[in-house]
Amino acid sequence: MNYHNKQILVLGLGRSGLAAARLLQQAGAIVTVIDSGSSEALEQRAKQLRAEDISIYLGKEALDLISTNYELRTTNCHCEAMVFQRAILSPGIDPASALVKHVVTHGIPLIGELELAYEFCKCPIVAITGTNGKTTTTELTVAGLQAAGLKAIACGNIGLPFSEVVLQSAELDVIIIEVSSFQLEATDRFHAHVAVWLNLSPNHLDRYASVAEYREAKLRVFRNQESDDVVVIPKNFDTEELPQFVARQITVSSQDEIADFFFDGKSICYHQRPLLELGQTQLCGAHNAENIMAAFAIGVALKVPPQKMIKGISEYRSLPHRCEVVIEKNGVLWINDSKSTTLDAMKKALQSIEKNRSIILIAGGKNKGSSFASILPLIKERVKEAILLGELRHSIAKEWQGVPSHQVNSMQEAVQLAALHAVSGDVVLLSPGTSSYDMFKSYEERGNRFKEAVRNEQCSTRSL
């Protein structure tokens, strides 16, 4: 679409909405941003955009803007009305929200921020999706490709919006995008040269009616691929409900040695030949081996020899809040895995810890509609005590019958209790298994509160 002098509406004033508004303005559009919220942070962002001659409407004004303009266009009133040619949906806005329904009801065509940025992209795209491991795989891929000499950048759900980097795309060899189900929902023509599916486990059931609906949103990553494109998938990926892939497949597995990339428990193998030992990297656990294999597979899809990526992948260190070691004191290891927002992520964190160490698990948070009962056998096997907090603390305690557990009201209380009960050889693991929004602004804030509480505990009279 040619956006010059077109009236475009952006829904949501988060980071993606902010980037989309600026991209559209650079394309010559007349941009209006609406957000049904009205926080201090939104007001600050609104002030920034108004200084750039972009119109902003927050709170009730946002809904009123659509209704008022619709009424002006459908009556004989000679007042001036904005006729929006298109609306851009930020990924944080639920399509079922009143704001979105208001826009759709009034006949404004709607696309997502991912779809918008795609229209401006001048280089190949790698799109990585899955329930867990997206960010690590995205970062690993960029590290490996850059070590091989490619101009590559990471963006998307990882924090840097696609709309913020797409104008650099003519100077890049490839853009690696971490894509969530929320972003994929509002795509139509979005086309990834390499589409990566890492895994799937129940998540976001407060937004989706079922796991099947969540899965369908993610499967849109394969949409529009052609025969000269590539898919990277687990060897055991269930394709029964899918049309036949037209793109070439590269497979990864930690169970099936026939996969293109296979982890044998020690080494990552390519076509059954050892390529890199996991111990030569800064990561641990079979789940990270799978992330590394996916990164190598993306390189192969882009015709980059895996050997050229080894240095970058070996030197990569995981981002904070992902099985991050905070401190080891008096034989007790404290690990921050606040990014664990699903049960599958919790499972992988538990399995990554040596079996000779007992675990005190800090878990719980926002109720996303998932039951914690399915992970009970592993909890009984690996967890010495569970310390539960957040909206789910009562229900988890009921579902984890037979596991010694304690319910607390704050992160500080959780850390203090863990310090009181931990003995040399134990691991205190924060791996909530759900999102943070009941008590914190983000999983980053939750992890930082945990680290702060651990450090304060270390400095107190009670030793760790």
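Rg over Rh of region 324-459, using C-alpha atoms and the Kirkwood radius, what does it come to?
Values: Rg = 13.2 Å, Rh = 14.4 Å.
Here the Rg-to-Rh quotient is 0.92.
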Q. Across region 349-362, in residue order, what do the Karplus-derived ³J(HN,Hα) couplings come to in whole Hz, using 6.51 cos²θ - 1.76 cosθ + 1.60 with θ = phi - 60° and x for Gly and Pro?
A. 5, 4, 6, 7, 8, 3, 6, 7, 10, 7, 10, 9, 9, 9
(Q) Spelling out what I want: for every residue of region 303-310, take phi, set θ = phi - 60°, compute 6.51 cos²θ - 1.76 cosθ + 1.60 (Karplus), and round to whole Hz; glycine and proline get x. (A) 6, 9, x, x, 4, 6, 9, 4
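Just want to confirm a number: the relative contact order over region 7-108, from Cα pairs under 8 angstrom separated by 6+ residues, in percent. Could you put the intermediate results ahead of the total?
Numbers: 143 pairs, mean separation 35.6, N = 102.
Over region 7-108, the number comes to 35 percent.
State the Kirkwood hydrodynamic radius of region 355-417 in Å, one decimal place, computed from all pairs of distinct Cα atoms.
11.9 Å
Just in region 32-70: which GluC sites (Glu not before Pro) are loop by DSSP and have at most 15 other Cβ atoms within 10 Å? Before the final figure, lay out each step's value.
On the way: sites: E40, E43, E52, E61; in loops: E52.
Here the GluC sites (Glu not before Pro) that fit, given the DSSP loop and packing criteria, are E52.
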Q: For the pairs K218/K398; K235/K347; K151/K451; K384/K451; K218/K366; K266/K355, note any where the Cα-Cα span goes beyond 28 Å.
A: K218/K398; K151/K451
Q: Find the centroid of the Cα atoms in region 379-436 and in region 195-221, then give the distance between the two in whole Å.
A: 28 Å
**Q.** Equivalent ellipsoid semi-axes - Cα gyration tensor, the chain, angstrom
**A.** 39, 30, 19
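Report the longest stretch of the chain that contains none of the trypsin sites (Lys or Arg not before Pro) sitting in a DSSP loop with at most 16 other Cβ atoms within 10 Å. Show your work: numbers first, answer last.
Details: sites that count: K122, K151, R189, R223, K266, K303, R317, K355, R357, K441, R462.
In the chain, the maximal stretch lacking such sites is 1-121.
Normalised by the residues of the chain, what does the relative contact order come to in percent, with Cα pairs under 8 Å and at least six apart? Kindly include the intermediate steps, with their values, before the conclusion.
Details: 949 pairs, mean separation 51.2, N = 464.
In percent, rounded to a whole number, it is 11.
Which number comes out as Rg/Rh for region 390-461 once both Rg and the Kirkwood Rh are worked out on C-alpha atoms?
Working: Rg = 12.8 Å, Rh = 13.3 Å.
Rg divided by Rh gives 0.96.
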Q: Name the long-range amide H neighbours of V33: under 5 Å, sequence gap of 5 or more, or other chain; modelled H, no Pro or chain starts.
A: V10, S55, I56, Y57
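So which GluC sites (Glu not before Pro) in region 296-402 are both in a DSSP loop and have at most 14 other Cβ atoms within 10 Å of their Cβ? Don't jump to the answer; show the numbers that get you there.
Working: sites: E315, E324, E328, E354, E381, E385, E391, E399; in loops: E354, E391.
Loop-located and lightly packed - E354.
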Q | Simple label model, 7 Å out from Cα along Cβ direction - K398 to S410, nm | A | 2.8 nm
Q. Which lysines have a Cα less than 24 Å from the Cα of K47, not counting those fewer than 8 places away in the same chain?
A. K6, K60, K441
Q: Filter the chymotrypsin sites (Phe, Trp or Tyr not before Pro) in region 176-252 down to the DSSP loop ones having no more than 12 other Cβ atoms within 10 Å, then list what survives.
A: none
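Values quoted throughout were computed directly from the atomic coordinates according to the rules given, and no laboratory measurement underlies them. These numbers were taken from a predicted model, which means no experiment stands behind them. A quick note on method: Cβ atoms are made from the backbone with ideal geometry, for glycine too, and the neighbour counts reach across all protein chains shown.
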